[in-house]
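Following: one structure in C-alpha cells, then a few remarks.
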Amino acid sequence: MASGFGYTGGRSRCFAYWQEFSKCYSQADAPSQCRVQADDYLECLHHTKEIERAKAIRAEFIKQAEHQAKEGRKVADLLADGVIVSVGLIQRDRGSDGKEQ
C-alpha cells in the first residue's frame, strides 16, 4: 500500500481492507492474530482465490463437455455452445432443426 490512492485519485479498491489489517496489526500482541485481515487484503490485491475458483469451474465444465462428447456430441460443439459463463445452469433454446433461436 504505497499511498492509499487509486488511479482515479480516490481511494484504492483495497483501502478498506488495508485499514482493517492496519488497525488489527497495531492492536495485536502477535502478528498471527491478524491472519484473516491479511488474507482479505491480499485476496483483494491479487484475486488468488477467485482465480483458483474460476479455474476449477472451467476444469469441471471441460470435464462435463468431454463426458457429453462420449455420448455423441463433438467436444468442439460443446465448447462453442457454452463459454465458462454457461456452466449448465441456463440451457440454450434450440428449435426443432437444432439451431439456436
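Values as computed for the structure displayed
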quantity	calculated
Phe15, Phe21 arranged by Cβ crowding within 10 Å, fewest neighbours leading	Phe15, Phe21
Per-residue Cβ neighbour rank within 10 angstrom, fewest leading, Cys24, Cys14	Cys24, Cys14
For Glu50, net neighbour charge (Lys/Arg +1, Asp/Glu -1) across residues whose Cβ lies under 15 Å away	+1
Residue-count net charge about Tyr25 - beta-carbon cut-off 15 Å; Lys, Arg +1, Asp, Glu -1	-2
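Where a number appears in this text, it was derived from the coordinates with a stated rule and is not lab data. Predicted model, so just to flag it, every value in this text is computed and none were measured. Positions of Cβ are generated from backbone atoms using ideal geometry, with glycine treated the same way; all protein chains shown enter the neighbour counts.
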